[in-house]
1. Taking the stretch 151-165 on its own, how many of its residues are within 15 Å of Asp89 (Cβ to Cβ) and touching an Asp or Glu at 6+ places or on another chain (Cβ under 8 Å)?
2. Across the stretch 1-49, which residue is surrounded by the most Cβ atoms within 10 Å (Cβ to Cβ) among those that are outside any strand (DSSP E or B) and not acidic (Asp, Glu)?
3. Working only within the stretch 174-192, note down all residues that are over 14 Å from Ala152 (Cα atoms) and not in a loop (DSSP other than H, G, I, E, B).
4. Is one or more of the residues making up the stretch 96-106 over 30 Å from Lys175 (Cα atoms), in contact with a strand residue (DSSP E or B) (Cβ under 7 Å, 6 or more places away or on another chain) and assigned to a loop (DSSP other than H, G, I, E, B)?
5. Within the stretch 91-101, take every residue that is of a type in the set (A, V, I, L, M) and open to solvent by 30 Å² or more (accessible area, probe 1.4 Å) and give me the one that is nearest to Asn55 (Cα to Cα).
6. Taking only the stretch 50-68 into account, find how many residues are among the polar types (S, T, N, Q) and part of a strand (DSSP E or B).
7. Assuming Asn64 fulfils every condition listed in (1) buried (at least 19 other Cβ atoms within 10 Å of the Cβ); (2) in contact with a Phe, Trp or Tyr (Cβ under 9 Å, 6 or more places away or on another chain) apart from one, which condition is it?
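The values are calculated or read from the model by the stated rules, or taken from the named source; none is laboratory data. Note that the structure is a prediction, hence the values are computed from the model and not measured. Here Cβ is always computed from backbone atoms with ideal geometry, including for glycine, and neighbour counts include all displayed protein chains. SASA here: full protein model, heavy atoms, side chains in, ligands and nucleic acids out. Shrake-Rupley method; radii C 1.70, N 1.55, O 1.52, S 1.80 Å.
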Amino acid sequence: DLKTQVGKLILPGRQLSEVNIGVQLKNGQLQVTPLRFGLAGGTFDGGVQLDAAANTPTLGLQLNGRGFELGQLQANGPISGGRSELKVDVKSRGDHLRALMAAASGETWISVGEGKLQNKAINWAAGDFIFQVLGAINPLSKSEDHTAMSCAAVRFVLRDGMATAEDGIALRTDKVDVTGSGTVNLRNEELD
């Protein structure tokens, strides 16, 4: 049993506030609850469950974020502003990270409020997945320095390592509305 509360936790490139974590480990069963912290002007809470005693370890992750500014999560990233809400509810099984990704099932979504897309900051070869998705559906990225964004949303349903967005990608800017669909194959890391 471990319970920790920290007023301010400074990590490389990040600062967390009001951290509250409880960890219980018994007979190969790990529970991380509560899991609460402040980040990027918002609050996050959730939990982690790991059963390492099973023949094939199982993992559960729940995370909810409210009122955080997406642009603050990545320094010099492609979004500035963007007050956001996030939900992650994923379960998986496997004995290493690649197996866990290949077996992941659940749901993830994020809704992003008003902000700016910094068109030239989007790096297609690397970077966080959410920034790549929002940048990929921005048709003005080559002709302007930035695009005013009213809102954006991305929702993926995961089943056995396949993340699918059936009309689950949307972006509204001052010039265009975009909706889209796509898949992410977490088994072989391919994006469609």
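1. Qualifying residue count, the stretch 151-165: 4.
2. Going through the qualifying residues, I end up with Ala40.
3. Matches in the stretch 174-192: Gly182, Thr183, Val184, Asn185, Glu190, Leu191.
4. Checked the stretch 96-106: at least one residue is over 30 Å from Lys175 (Cα atoms), in contact with a strand residue (DSSP E or B) (Cβ under 7 Å, 6 or more places away or on another chain) and assigned to a loop (DSSP other than H, G, I, E, B).
5. At the first step, the residues of the stretch 91-101 found to be of a type in the set (A, V, I, L, M) are 97, 99-101.
From the residues that got through so far, the ones that are open to solvent by 30 Å² or more (accessible area, probe 1.4 Å) too are 97, 100-101.
Numbers: Leu97: 16, Leu100: 14, Met101: 18 Å.
Top of the filtered list is Leu100.
6. Here the count works out to 3.
7. Here Asn64 clears every test but (1).
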